[in-house]
Amino acid sequence: RPWDLDPLFIRPGRFQRAVAIGLPGDLDRREILQRLLDGKPCVSIDHKKMARKASGRTVADLVEIVDIATELALEQALALGEPVPIREKALAVAIRAVPATAAGWFETLRARSTESGLRGSAQHLAQVITRAMRSAYLSE
């Protein structure tokens with residue numbers, strides 16, 4: 001959250017502009033999940049379905065989801081005494097366990113953009129972030 005950054009990082013001359021990066025879409029989440037699972041033992045995973053279930057998640061959230069699913073498979077493997085692949089069920093459990101961490105941030109950003117009279121384009125969101133960074137700097 002740019003408005004929580006230390007004023008030393010956002011003082012004039014440090015950063016010339018802020019760039020707003022949105023959440024990955026369905027296709028992006030699918031590709032990210034495929035890449036994160038690449039090289040791991042997996043079976044019966046519908047990446048498209050899992051990407052839809054993980055809607056609203058950031059890349060960091062997706063990394064956490066795959067880590068949890070991997071840990072679930074490892075726990076099962078230790079209990080059984082044999083290798084267990086990552087299954088769709090483990091991913092679904094992990095998706096339910098990992099909240100969409102950016103949801104609150106985007107709500108705050110939306111509220112700040114409404115307060116300042118801006119609308120949802122990326123350029124306007126970048127302006128909101130820049131203003132928030134400047135106001136945080138000035139209020140310190």
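The values are calculated or read from the model by the stated rules, or taken from the named source; none is laboratory data. Keep in mind that what you see is a predicted model, and the values were worked out from it rather than measured. Cβ: placed from backbone, ideal geometry, glycine included. Neighbour counts: every protein chain shown. Note: areas computed on protein heavy atoms with side chains; ligands, DNA, RNA excluded. Shrake-Rupley method; radii C 1.70, N 1.55, O 1.52, S 1.80 Å.
Where does the charge balance sit around M50 when Lys and Arg score +1, Asp and Glu -1, over other residues with C-beta under 10 Å from its C-beta? It would help to have the intermediate numbers written out before the result.
Values: positive: R29, R30, K48, K49, R52, K53; negative: D46, E88.
Neighbourhood net charge equals +4.
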Consider all pairwise Cα distances in the stretch 21-81 and report the whole-number % of them above 16 Å.
44
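How would you rank 43-51, 77-85, 26-34, 90-98, highest first, on the average number of other Cβ atoms within 10 Å across their residues?
On the way: 43-51: 15.6, 77-85: 10.8, 26-34: 17.2, 90-98: 18.9.
In decreasing order of mean packing, 43-51, 77-85, 26-34, 90-98 become 90-98, 26-34, 43-51, 77-85.
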Counting only protein heavy atoms and using a 1.4 Å probe, what share of the accessible area of the stretch 60-104 belongs to carbon plus sulfur, as a whole percent?
62
